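Nothing in this text is a laboratory measurement; each read-out follows from the coordinates by a stated rule. All values derive from a computational prediction rather than experimental measurement. Cβ atoms come from the backbone with ideal geometry, glycine included; neighbour counts cover every protein chain shown.
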Amino acid sequence: MLGWMAWTWPTALLFIGIFSAMGILTIIEIRYPGGDERKGVLGLVTTRGDRLFITLLGAVYIHLAWLGFFGMPLWAPIAISIAWGTFAFWKV
């Protein structure tokens, strides 16, 4: 039934992680409405959802750049992406 896409455990974990983050942000938004708007170092007024989007977009670009310049393995860009996500939620 799902043979049209190459579902592997890493692919499944990626989607589980993204949907889990969205679920957690939804629960936080229900408990603490308002989106926690703030102006960060980029000069943008962002909410939690905006920061999640910026984090995911940055992680994609970090991985693509790593693959373009260095290739496999992808452990280093995962660590860089986690650092980027921490920075994005803290300062952006």
statement: In terms of the charge dipole of the chain, which places +1 on Lys and Arg and -1 on Asp and Glu at the beta carbon, the residue among 41, 85, 18 farthest towards the positive end is 41
query: How high is the FRET efficiency between residue 53 and residue 75 when r is their beta carbon distance and R₀ equals 22 Å, given to the nearest 0.05?
result: 0.35
- prompt: Can you give me the relative contact order of the range 6-92 as a percent, contacts being Cα pairs under 8 Å and 6 or more apart?
  reply: 27 percent
query: Using alpha carbons only, how many degrees (0 to 90, rounded to 10) separate the axis of helix 48-69 from the longest principal axis of the chain?
result: 30 degrees
The chain - convex hull of the alpha-carbon atoms, volume per residue in Å³: 125 Å³
message: Give me the one-decimal nm value for the distance between modelled label points at residue 11 and residue 29, 7 Å along each residue's Cα-to-Cβ direction.
response: 2.8 nm
- request: For residue 37 paired with residue 87, estimate the spin-label separation in nm (one decimal), with each label point 7 Å from Cα along the Cα-to-Cβ line.
  value: 2.6 nm
- request: Go through the range 83-88 residue by residue and turn each phi into a ³J(HN,Hα) via Karplus (6.51, -1.76, 1.60, θ = phi - 60°); whole Hz please, and just put x for glycine and proline.
  value: 5, 4, x, 4, 4, 5
statement: Given unit charges at Cβ for Lys, Arg (+) and Asp, Glu (-), the dipole magnitude of the chain about its Cα centre in debye, nearest 20, is 160 debye
- request: Can you tell me what the convex hull of the Cα atoms of the range 1-42 projects to on average, as an area in nm²?
  value: 5.3 nm²
